[in-house]
Every structure is written in C-alpha cells, then in structure tokens.
Amino acid sequence: MTEKIDPQKAVEWLNSQWKGPKTCPVCHNNNWTVGEDLVEIRPFMGDDYIGFVGGSVLPLFAVTCKTCGHTLLFNAIVAGLLKLEAAGTKSE
C-alpha cells in the first residue's frame with residue numbers, strides 16, 4: 001500500500017520554507033503540483049537491485065512543474081508530513 005500525504009499540508013509547509021520566486025528553474029513558469037503519494041530513494045547497491053532488503057530509505061514528496069515536468073523532492077519527515085514511526089524508524 002502506498003503511503004499518502006495531505007497535499008494541502010505540503011503546500012503550507014512549502015509556502016513557509018520556499019523563499020523568493022517560485023518559478024521553475026527549467027521553464028520559468030509557476031505551475032506546480034504536489035503529489036499525494038510518497039516516493040523513496042534508497043542507497044545505491046550496485047548490481048544488487050533485486051536483493052535489497054532493509055537499509056535506509058528517504059521518504060520524499062514530489063513537487064512537479066506541470067509545464068515541463070521538472071520535479072523537486074522534499075523530505076516528508078523534515079516537512080512534518082510523516083512521523084518517524086511511519087517511516088520505519090523508531091523515535092527515542
């Protein structure tokens with residue numbers, strides 16, 4: 001099952017953090033969308049793509065330019081959109 005975030009909360013966090021113009025660095029439009037599905041980046045394991053089990057994962061949410069497709073990724077934990085327990089780690 002795919003982990004979801006509240007896109008409106010993501011937009012609120014982005015607006016509080018994103019200083020300066022919010023134009024796309026590629027096409028210079030201001031036409032963004034925030035996805036509700038979390039995505040992840042895993043450490044590169046060389047040729048062992050199938051055998052990856054465990055390890056660390058960065059939970060991210062994507063902000064995509066609807067004009068050119070350029071995509072920015074933001075850490076969902078830092079943004080307060082995902083609790084550490086839900087990300088597979090335990091807080092101390």
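The values are calculated or read from the model by the stated rules, or taken from the named source; none is laboratory data. Remember, predicted model here, so these are calculated numbers, not experimental data. Cβ: placed from backbone, ideal geometry, glycine included. Neighbour counts: every protein chain shown.
Out of all the residues in segment 5-24, is one or more within 17 Å of Lys66 (Cα to Cα), in contact with a strand residue (DSSP E or B) (Cβ under 8 Å, 6 or more places away or on another chain) and outside any helix (DSSP H, G or I)?
There is at least one residue in segment 5-24 that is within 17 Å of Lys66 (Cα to Cα), in contact with a strand residue (DSSP E or B) (Cβ under 8 Å, 6 or more places away or on another chain) and outside any helix (DSSP H, G or I).
Determine which member of the set Val39, Val11, Val34 is modelled with pLDDT under 95 and among the aliphatic types (A, V, I, L, M). Write out each step before concluding.
Details: Val11 fails: modelled with pLDDT under 95; Val34 fails: modelled with pLDDT under 95.
Sole residue among the options that is modelled with pLDDT under 95 and among the aliphatic types (A, V, I, L, M): Val39.
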